[in-house]
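Structure record follows, encoded as structure tokens.
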Amino acid sequence: MVNVLILLWTALTSLFRSRVRLEAEILVLRQQINVLRRKSPKRFVFRTFDRLVFVGLYRLAPSIVDALTIVRPETVVRWHRAGFRSFWRWKSRRRGGRPSVPLEIRKLIRDMSLANPLWGAPRIHGELLKLGIDVAERTVSRLLPQRRSPPSQTWRTFLTNHVRDLVSVDFFTVPTARLRVLFVFVVLAHDRRRVLHFNVTEHPTAAWTTQQIVDAFPDDSAPSYLLRDRDSVYGHVFRQRLKGMRVGEVLTAPHSPWQNPFAERLIGSIRRECLNHVVVLGEQHLRRTLARYFAYYHGARTHLSLDKDAPHGRPIEQPKLDKIIV
């Protein structure tokens, strides 16, 4: 502030001085500057006020660049241009405009795009309008996450899309109390791990197996594909019947039960949870035992592949802790 007052006072008093006196003072100031330049460092430190003074005088009289000795003329020009940019940056500052999109809406747009990779900005914008969120479609397009490659479904999604058209069949044996061997035939749907049909016999044949397939899929309910092993019980009659029902056969490799994993897992569960704990007396006894187990299997037993739910769906109950029977 003192420097400004001194500068203004000097400018006012110079109006009343003679021309000769002003020239003499200018020469004295220049000589003093020359002396200071010889004894001071090569680079001077200028304050903001000093720069404003030089730039202001340059605006009034550009010819003063010839009288500058402690600063180069191009430096003053650079200061002037920097001030010009700062002035117009300040004048063009943002004073309002469109309101910013809340963080919750930005996160919702991103989640919708990631969960539905085939949806574009128009589809997501339409869903947002139905939710009562009023944003512009251009805003939705700007907030969509960038993808490096075209959207593609995962293998898990691909298999889930086709699992509804797949069933598998298999046999397993059960010894009886009279040392006889019974054969159990099961038909398993892959989508909800449902046992569509089962039956028990002591002497399985191709004709008997074919009849089980007919009983399992009445009224055009046959699946698109049936997975089975290469057992000889699936003879010519069985294959012809499947062909007439327009069911494609998928055969596993020889001695490769792991290629029919759903049916093998079902048989293992039946043995571990049911048959390993009883002595089967005969066909009727085994049929009743399996019927009761499958009722439990479909209505109560939880499955990891079904998100801990039962094949037929099990509602969530809220019982009292003192009434739970384990």
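Each value in this text was obtained by applying a stated rule to the coordinates, not by laboratory testing. Every value quoted in this text rests on a predicted model; they were computed, and no experiment measured them. Methodologically, a virtual Cβ is constructed for each residue, glycine included, from the backbone with ideal geometry; neighbour enumeration extends over all protein chains shown.
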Estimated Rh, region 162-306: Kirkwood, alpha-carbon pairs, angstrom: 15.8 Å
Relative packing of peptides 129-135, 260-266, 310-316, 241-247 - highest average C-beta neighbours within 10 Å first: 260-266, 241-247, 310-316, 129-135
Long-range tail of P(r) for region 103-143 (Cα pairs > 12 Å, %): 52 percent
Around Leu143: net Lys/Arg minus Asp/Glu count, Cβ-Cβ under 9 Å: +3
Local electrostatic count at Ser269 - Lys and Arg +1, Asp and Glu -1, tallied over other residues with Cβ under 14 Å: +3
Summed side-chain charge close to His162 - residues other than His162 whose Cβ falls under 14 Å, Lys, Arg +1, Asp, Glu -1: 0
Relative packing of peptides 280-288, 171-179 - highest average C-beta neighbours within 10 Å first: 280-288, 171-179
